[in-house]
Amino acid sequence: MTIIIIIAMILGIIFGRYVFPQSFIMNIKDITNIVLFILIFLVGLDIGSNKKVLKDAKDMGLKVIIIPVGIIIGSLCGGLIGGMLFKMHYNESLSVAAGFGWYSLSGILLTEMGNAELGAIAFLSNVFREILAIISIPIIAKRLNHYTTIAPCGATSMDTTLPIVSKFTNSKVAIISLVNGVILSMLVPVCVQFFYNL
């Protein structure tokens with residue numbers, strides 16, 4: 001999945017530079033908005049169709065809330081520190097961190113609200129987050145504890161990294177991972193916009 005994302009981005013850069021006419025590039029914001037609305041609708045559809053997850057999450061109590069809250073706090077603190085190191089405005093670094101690993105949405109939102117450079121930073125930082133999650137989940141499961149494997153995944157803990165979390169932990173952690181992804185995915189559009197407008 002990650003290789004496909006990187007190839008798609010490289011192809012996009014090549015096509016944007018050499019293939020598509022400027023008239024098409026100027027209308028890309030309208031196309032991006034339509035695709036974005038479809039993407040958010042499909043995530044909502046996925047969440048709404050999985051009734052068992054919501055029931056199982058209710059039975060798990062506070063763990064279901066504590067893990068996403070910890071991930072949000074950790075991501076935002078990391079965003080602030082990264083922003084200071086790279087001399088970014090605090091609202092921009094927080095809004096990049098508020099993507100919580102959802103590279104496609106946060107990149108598009110920040111390109112729309114800010115500029116292409118900020119959108120690219122959001123996209124790449126969240127892609128790298130997913131790559132690091134895939135690499136680190138087996139190590140974290142072995143050396144720390146199973147619940148900690150959810151943290152590097154962020155919003156992807158309900159889709160692309162869920163099979164890896166499930167493989168190296170157990171079904172209870174997998175359910176919490178899924179619920180965590182649902183919560184963070186719902187918060188991404190709100191948090192990115194909120195922090196950018198600070």
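Taken together, the values in this text are just the output of simple stated rules run on the coordinates, not laboratory data. If you're wondering where the values come from, they're calculated on a predicted model, not measured in any experiment. Every residue, glycine as well, gets a Cβ built from its backbone with ideal geometry; the counts of neighbours run over all protein chains shown.
Among the residues examined, Thr148 does not qualify as crowded, with 23+ Cβ neighbours inside 10 Å and not small (Gly, Ala, Ser). In the stretch 99-112, the residue that is surrounded by the most Cβ atoms within 10 Å (Cβ to Cβ) out of those that are aliphatic (A, V, I, L, M) and over 8 Å from the mean Cα position of the chain (by Cα) is Leu110.
Applying the set (1) surrounded by fewer than 23 Cβ atoms within 10 Å (Cβ to Cβ); (2) free of Cβ contacts under 8 Å to residues at least 60 places away in the same chain to Asn91 leaves exactly one unmet item: (2).
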